[in-house]
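S.K.: The structure's right below; bear with me while I get my questions together.
The values are calculated or read from the model by the stated rules, or taken from the named source; none is laboratory data. What you see is a predicted model; the values in this text were computed from it and never measured. Note that each Cβ is placed from the backbone with ideal geometry, even for glycine, and that neighbours are counted across all protein chains shown.
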Amino acid sequence: MDVEILARIQFAFTIGFHYIYPPLSIGLGLILVIMEGLFLKTGNRIYEQAVRFWIRIFALIFGIGVATGIIMEFEFGTNWATYSKYVGDIFGSALAAEGIFAFALESGFLGILIFGWKRVSPRVHFFSTIMVFFGSLFSAVWIVVANSWQQTPAGYHIVGEGIDARAEITDFWAMVFNPSSVDRLLHVWIAAILAGAFLVLSVNAWYILHKKHLEIARPSFKIALTVAVLFSLLQLYTGHRSADGVSHNQPAKLAALEGHYDSSSRADMYLVGYVDNKHEKTMGIKIPGGLSFLIHGDFNAPVPGLKAFPPDERPSQVNSVFQFYHLMIIVGMTMIGLSLLGTWFWWKKTLFDKRWLMWIFAFSVLLPQIGNQAGWFAAEMGRQPWVVYGMLKTSDALSKMVTANQIIFSLILFTLVYIVLFALFLFLLNRKIHHGPVDYGTAEHIEEGTKRDNPILEHDPDGIYIRKKV
């Protein structure tokens, strides 16, 4: 198989697996901030127990995310050495900022978040929770900035010629606030928050169905549902802004996303369909002129199609780009509909009586994961054949010495390791969910001597006495 295809498959596989975890940590971080804030405001121990439970799951997600993220940085040197040399000054600065300002902040306060109960004041612990959340947000900032620069380069100049050519930063802030970075960052942030919200919805729906931990599951479900409603609706706005930016900055990508070929006619908006790239036509259910209206406010306004670009400067796998993009939209609309439906029954005070709805929410954890993966693939495949848009093609970014056999061997190893990691993650996550929240507040007013002798109390892994399950 071609080295370029293998290298792209390997990177897509590693980043796709890694991208399961950072969005969960961002979204779950916001839920932790809300729950602990409610605990400090109300003094209700229910929220404390919920926070303690979700902190343990957060720590598991964070650990797996760190382990899977390191591999990608090595791939830049092994498989994409020419790319690394060409954009190292720019891409490297963003990755360094992520490590210094974001990862250090998040990991530094994570220790207090996990082990700080009863060792620091409640306000200091809450501050640590906020800092961990901000750290996860900042981490996404620098990763998205680096990737957005590849989509819409700015604030640079090229030094050297031929194989010695490389990009250097001339304006750091122009590089950071390149034409697509803000819109893409908001879109990624909200998608990540939805991933965390639907994880909380899923777990608590399972508790409600099995009539377990109801005193914690119901308020936690309502918190997550509120977050899901607000951010799923907000995602409509950021998604539109991001697509509008693509229409101005990457018109060939937009044409691929919508399966639009004709360069001098209005553009239809397909709800579902299939792109026949060989015959350069798209078939499916469409809104005539819908894309033209969204971009220009006019159903008859022309939109550049794929035929307006040379064949070697437009995506080759148009149908895949089209399908991933539309899958992302379908998932997004499904999350909006599901969260609004849940809110309706909440308002009618029958939310937790609808077992069929709780079953849907129990499996809804898959929705944001599918949407995130589909959106990422659409964005990256739609940028092809460029690895840096308009500057460096993917075929020219490969390492000159790497062979197909080497990539296949490492891909097999990564696959085996990731299978083990994912199985371990699911096992530990399942065990934590089945164990569930525990009551940390019942032993607080018991004398120290009584704690040692009381048969209904036991140590929790943090050294705190908790009530034994009867």
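S.K.: Over 30 Å from A228 (Cβ atoms), among the hydrophobic types (A, V, I, L, M, F, W, C) and over 29 Å from the mean Cα position of the chain (by Cα): which single residue out of F299, F293 fits that description?
M.R.: F299
S.K.: Return a yes/no flag: does the range 22-33 have any residue that is out of contact with any Gly (no Cβ under 7 Å at 6 or more places or on another chain) and more than 29 Å from K222 (Cβ to Cβ).
M.R.: Among the residues of the range 22-33, not one is out of contact with any Gly (no Cβ under 7 Å at 6 or more places or on another chain) and more than 29 Å from K222 (Cβ to Cβ), which makes the answer no.
S.K.: Would you check if L341 is at pLDDT 90 or above and over 22 Å from the mean Cα position of the chain (by Cα)?
M.R.: Yes.
S.K.: Could you please tell me which pairs satisfy a Cβ distance under 6 Å, a separation of 6+ or placement on different chains, a first residue in the range 70-84 that is among the polar types (S, T, N, Q), and a second residue that is surrounded by 16 or more Cβ atoms within 10 Å (Cβ to Cβ)?
M.R.: Between residues of the range 70-84 that are among the polar types (S, T, N, Q) and residues that are surrounded by 16 or more Cβ atoms within 10 Å (Cβ to Cβ), the close pairs are N79/A7; N79/S399; N79/V402; T82/A397; S84/F76.
S.K.: Specify the residue that is farthest from V229 (Cα to Cα); the eligible residues are those in the range 302-338 that are in contact with a strand residue (DSSP E or B) (Cβ under 9 Å, 6 or more places away or on another chain), of a type outside the set (A, V, I, L, M, F, W, C) and at pLDDT below 90.
M.R.: Result: D312.
S.K.: Which ones in the range 137-160 are without any contact (Cβ under 8 Å) to a residue 60 or more places away in the chain, touching a strand residue (DSSP E or B) at 6+ places or on another chain (Cβ under 7 Å) and not aliphatic (A, V, I, L, M)?
M.R.: Those that are without any contact (Cβ under 8 Å) to a residue 60 or more places away in the chain, touching a strand residue (DSSP E or B) at 6+ places or on another chain (Cβ under 7 Å) and not aliphatic (A, V, I, L, M): G155, H157, G160.
S.K.: Let me ask you something else. Report, ordered by the first and then the second residue, all pairs with beta carbons closer than 9 Å, sequence separation of six or more or different chains, a first member in the range 1-30 that is within 11 Å of M72 (Cα to Cα) and hydrophobic (A, V, I, L, M, F, W, C), and a second member that is outside any helix (DSSP H, G or I) and at pLDDT below 90.
M.R.: Pairs found: F11/N79; F11/W80.
S.K.: Taking the range 97-115 on its own, how many of its residues are more than 30 Å from S399 (Cα to Cα), crowded, with 17+ Cβ neighbours inside 10 Å and modelled with pLDDT under 85?
M.R.: The number of residues fulfilling the criteria is 2.
S.K.: From the set of residues in the range 227-248 that are in contact (Cβ under 8 Å) with a residue 60 or more places away in the chain and under 20 Å from F363 (Cα atoms), which is surrounded by the fewest Cβ atoms within 10 Å (Cβ to Cβ)?
M.R.: Across the range 227-248, the extreme among qualifying residues is V229.
S.K.: Restricting attention to the range 274-330, which residues are β-branched (V, I, T) and in contact with a Pro (Cβ under 7 Å, 6 or more places away or on another chain)?
M.R.: V321
Per-residue answers, yes or no, for (1) closer than 26 Å to G196 by Cβ; (2) surrounded by 14 or more Cβ atoms within 10 Å (Cβ to Cβ):
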| position | (1), (2) |
| --- | --- |
| R355 | yes, no |
| F361 | yes, yes |
| P368 | yes, yes |
| L413 | no, no |
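S.K.: Being part of a helix (DSSP H, G or I) and hydroxyl-bearing (S, T, Y) is the filter here, so list the residues in the range 146-179 that pass it.
M.R.: The one that is part of a helix (DSSP H, G or I) and hydroxyl-bearing (S, T, Y): S148.
S.K.: Could you tell me whether G463 is closer than 30 Å to N44 by Cα, in contact with a Lys or Arg (Cβ under 9 Å, 6 or more places away or on another chain) and either modelled with pLDDT of 90 or more or not basic (K, R) (or both)?
M.R.: yes
S.K.: Would you point out the residue of the range 290-314, among those that are more than 14 Å from S265 (Cβ to Cβ) and in contact with a helix residue (DSSP H, G or I) (Cβ under 6 Å, 6 or more places away or on another chain), that is surrounded by the most Cβ atoms within 10 Å (Cβ to Cβ)?
M.R.: Per the stated criteria, the residue is R314.
S.K.: Search the range 147-161 for residues being over 17 Å from S84 (Cβ atoms) and out of contact with any helix residue (DSSP H, G or I) (no Cβ under 7 Å at 6 or more places or on another chain), and hand back the single one that is surrounded by the fewest Cβ atoms within 10 Å (Cβ to Cβ).
M.R.: E161
S.K.: Using beta carbons and a limit of 6 Å, which pairs, at least six apart or on different chains, have the first residue in the range 124-136 and within 22 Å of I190 (Cα to Cα) and the second one acidic (D, E) and crowded, with 19+ Cβ neighbours inside 10 Å?
M.R.: T129/E36; V132/E106; G135/E106; S136/E106
S.K.: Working only within the range 85-112, note down all residues that are touching a residue at least 24 places away in the same chain (Cβ under 8 Å) and under 30 Å from I163 (Cβ atoms).
M.R.: If the condition is that a residue be touching a residue at least 24 places away in the same chain (Cβ under 8 Å) and under 30 Å from I163 (Cβ atoms), then K85, Y86, V87, G88, D89, I90, F91, S93, A94, L95, A97, E98 are the ones that fit.
Residue-wise test of (1) crowded, with 19+ Cβ neighbours inside 10 Å; (2) at pLDDT below 90; (3) hydroxyl-bearing (S, T, Y).
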position: S364; (1), (2), (3): yes, no, yes
position: V402; (1), (2), (3): no, yes, no
position: L424; (1), (2), (3): no, no, no
position: P455; (1), (2), (3): no, yes, no
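S.K.: Under 18 Å from the mean Cα position of the chain (by Cα) and either assigned to a loop (DSSP other than H, G, I, E, B) or surrounded by 18 or more Cβ atoms within 10 Å (Cβ to Cβ) (or both): does that describe S202?
M.R.: Spelling it out, S202 is indeed under 18 Å from the mean Cα position of the chain (by Cα) and either assigned to a loop (DSSP other than H, G, I, E, B) or surrounded by 18 or more Cβ atoms within 10 Å (Cβ to Cβ) (or both).
S.K.: A follow-up question, please. For I330, only one of the following conditions fails: (1) surrounded by fewer than 22 Cβ atoms within 10 Å (Cβ to Cβ); (2) out of contact with any Gly (no Cβ under 9 Å at 6 or more places or on another chain); (3) part of a helix (DSSP H, G or I). What is its number?
M.R.: Going through the list (1) surrounded by fewer than 22 Cβ atoms within 10 Å (Cβ to Cβ); (2) out of contact with any Gly (no Cβ under 9 Å at 6 or more places or on another chain); (3) part of a helix (DSSP H, G or I), I330 breaks only (2).
S.K.: What are the residues in the range 124-136 that are surrounded by 19 or more Cβ atoms within 10 Å (Cβ to Cβ) and out of contact with any Asp or Glu (no Cβ under 8 Å at 6 or more places or on another chain), if any?
M.R.: S128, F133
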